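*Asks:* The structure follows.
The values are calculated or read from the model by the stated rules, or taken from the named source; none is laboratory data. Not measured: the values here are computed from a predicted model. Neighbour counts are summed over all protein chains in view; Cβ atoms, including those assigned to glycine, are modelled from backbone coordinates with ideal geometry. Note: accessible area is taken over every heavy atom of the protein model, side chains too, but ligands, DNA and RNA are not part of it. Shrake-Rupley method; radii C 1.70, N 1.55, O 1.52, S 1.80 Å.
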Amino acid sequence: MAPEIIALIMFGLLLTGLFMGHPLAFVLGGTAVLGALIAGKPMVLGIVINRIFGDVLDNFTLIAIPLFILMARFLSDSGVTDKMFESLRLLMSNVRGGLALAVVFISILLAATTGIIGASITVMGVMALRPMLQYGYSPTLTTGVIAASGCLGILIPPSIMLILMASYSPLSVGELFAGAMIPGVLLGLLYAVWVVIVAIVKPSMAPAVEPDEKIARGALLRMLAVEAVPPLILILGILGSLLAGIATATEASAIGAALALLIVIVRGKFELRTFYSAMLETGRTSAMILFIVIGATAFTGVFNITGGLRATQEIIRGLDMAPWLLITMMLFIVFILGAFLDWTGIVLLSFPIFLPIIQEMQIDLLWFVVLMALVLQTSFLTPPFGYALFYLRALAPKEVRTGQIILGVLPFIGLIVVMSVTVALLPQLVLWLPDVFYNK
């Protein structure tokens with residue numbers, strides 16, 4: 001059977017399985033088995049199993065994923081974020097859009113200490129959603145800013161998405177962390193600028209609020225400074241040790257988990273019950289991600305061996321497009337896939353196809369991967385399968401309609417596109433920091 005036919009059949013089976021509602025990991029693995037049998041090459045499954053053991057189970061960089069997830073849970077249990085948001089809320093409550101700005105700024109700091117969106121959106125949703133609605137904020141702006149800001153954790157280091165990207169590309173985790181830092185922070189600041197614009201143009205959507213507690217501004221600033229110390233220690237311990245070359249990604253994740261546990265203990269929040277719950281949640285989340293990695297490894301292994309990968313690359317090469325147009329097409333494909341697939345599946349399916357072509361065109365791989373990570377921010381916000389929408393739907397009161405949540409994230413999807421175009425036109429936003437640390 002021709003490789004092109006195999007490629008079409010495998011992608012058809014993949015889409016069919018997803019639209020039937022089956023879990024992505026099992027759809028990928030099942031498609032791999034069916035693809036091998038349809039191609040008449042069942043013996044490739046033995047090679048794929050060896051590849052899973054060699055590329056996944058023996059990949060020490062992936063150990064950083066459960067450790068960063070555990071760190072995020074410890075930080076959430078410590079209560080640091082609650083106090084920081086409370087002090088910022090009181091400090092900025094009498095400013096139009098102040099509560100929304102507090103959400104953005106706390107989310108940027110939280111993103112640099114978590115690496116996963118579930119923790120960020122849940123924490124900010126629990127703390128900020130109902131107060132903002134009670135103070136008269138528009139449901140669309142409230143849900144949009146919480147969902148979009150909560151997703152920054154997947155772009156701003158330490159991000160588990162960047163760790164996985166580094167594991168399946170020639171780039172190091174440190175290079176990707178350094179490259180994504182400036183675009184990630186700038187995207188968060190762009191969200192803040194949008195909040196300010198909305199507050200000026202439509203004051204009713206983001207009203208000023210008279211603080212319900214009268215606390216001196218100096219006392220609030222001191223409270224904020226004290227509560228910001230633990231996250232800053234975490235950021236310095238993780239990114240400082242990694243970028244300085246003192247620790248590998250795996251070692252830096254272990255440092256982060258240990259520091260987060262220490263913060264929990266020092267703040268008197270340590271309990272065996274919550275410790276056990278943190279371990280259980282870490283195990284579940286890590287297993288979900290690694291099952292998808294195994295399924296995608298099986299899929300790409302069969303896809304490669306049966307000739308589908310080569311055929312797909314030849315089709316792309318045969319388009320004979322200008323490099324910028326080809327990159328635009330690749331990123332548009334990633335954007336569309338983000339509405340239907342988990343980011344893990346998108347990375348593992350697209351990297352084997354896209355990265356060799358990018359290297360052939362002698363385009364900077366670090367710039368392209370960070371640009372792709374930026375576009376993948378939309379995968380959490382675009383319906384029908386945006387995870388941030390599901391998290392918020394579970395947290396939001398019944399009077400907030402699902403349609404309002406979707407409308408709320410649309411402007412932020414536009415801001416991600418604006419930031420992606422900016423990074424595409426100004427590659428130094430990605431390349432400057434890695435050049436400082438790694439002479440790239």
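*Asks:* Between residue 269 and residue 221, take the C-beta separation as r, use R0 = 25 Å, and let me know the FRET efficiency to the nearest 0.05. Present the calculation step by step, with values, prior to reporting the outcome.
*Replies:* Working: r = 24 Å, r/R0 = 0.96.
The calculated FRET efficiency here is 0.55.
*Asks:* Can you show me the helix-derived [θ] at 222 nm for the chain, built from DSSP H runs with n ≥ 4 at -39,500 (n - 2.57) apiece and divided by the number of residues, rounded to the nearest 500.
*Replies:* -23500 deg cm²/dmol
*Asks:* Name the residue from 218, 346, 279 whose Cα lies farthest towards the positive end of the charge dipole of the chain, charges +1 on Cβ of Lys and Arg and -1 on Cβ of Asp and Glu.
*Replies:* Toward the positive end, the furthest listed residue is 218.
*Asks:* In vacuum, with every alpha carbon of the chain counted as one equal point scatterer, what does the Debye formula give for log10 I(q)/I(0) at q = 0.06 Å⁻¹? Two decimals, please.
*Replies:* Summing over Cα pairs of the chain leads to -0.26.
*Asks:* Hey, another quick one. In nm, give the distance between the simple-model label positions of residue 360 and residue 322, each being 7 Å from the Cα along the Cα-to-Cβ direction.
*Replies:* Inter-label distance under the simple model: 2.1 nm.
*Asks:* I've got another one for you. Just to be sure I understand: with springs between alpha-carbon atoms less than 10 Å apart, which residue in 422, 122, 140 has the highest mean-square fluctuation in the Gaussian network model of the chain?
*Replies:* Looking only at 422, 122, 140, the largest GNM fluctuation is found for 422.
*Asks:* Hey, rough spin-label estimate for residue 50 and residue 200, points 7 angstrom out along Cα→Cβ, what's it come to in nanometres?
*Replies:* 6.4 nm
*Asks:* While we're looking at this one, here's another question. Given 20 °C and 1.002 mPa s, how large is the Stokes-Einstein diffusion coefficient of the range 113-191 in µm²/s, with Rh as the Kirkwood radius over Cα pairs?
*Replies:* Value of D from the Cα-based Kirkwood radius: 159 µm²/s.
*Asks:* At q = 0.18, 0.22, 0.28 Å⁻¹, what log₁₀ I(q)/I(0) does the range 316-389 have when each alpha carbon counts as one equal point scatterer in the Debye sum?
*Replies:* -0.68, -0.95, -1.34
*Asks:* The range 15-129: Rg/Rh from Cα coordinates, Kirkwood Rh? Provide the component values of the computation, followed by the final result.
*Replies:* Numbers: Rg = 22.0 Å, Rh = 17.9 Å.
Radius of gyration relative to Kirkwood radius: 1.22.
*Asks:* Measuring with a 1.4 Å probe in the full set of protein chains, what accessible area per residue, in whole Å², belongs to the chain?
*Replies:* 41 Å²
*Asks:* Ignoring ligands, DNA and RNA, please state the percent of accessible area on the range 143-302 from carbon and sulfur, probe 1.4 Å.
*Replies:* Numbers: 4820 of 6570 Å².
C and S atoms contribute 73 percent here.
*Asks:* While we're on this one: Normalised radius of gyration for the range 81-128, please: alpha carbon Rg relative to 2.2 N^0.38 Å, two decimal places.
*Replies:* Relative to the 2.2 N^0.38 Å estimate, the range 81-128 comes out at 1.08.
*Asks:* Let me ask you something else. Find me the longest stretch of the chain that has none of the exposed GluC sites (Glu not before Pro), where exposed means in a DSSP loop (not H, G, I, E or B) with at most 15 other Cβ atoms within 10 Å.
*Replies:* 1-212
*Asks:* Ok, one more. Could you work out the percent of alpha carbon pairs in the range 24-90 separated by over 14 Å, rounded to a whole number?
*Replies:* Of all Cα-Cα pairs in the range 24-90, 75 percent lie more than 14 Å apart.
*Asks:* Given Cα positions, please report Rg to Rh for the range 197-337, the hydrodynamic radius being the Kirkwood one.
*Replies:* 1.15
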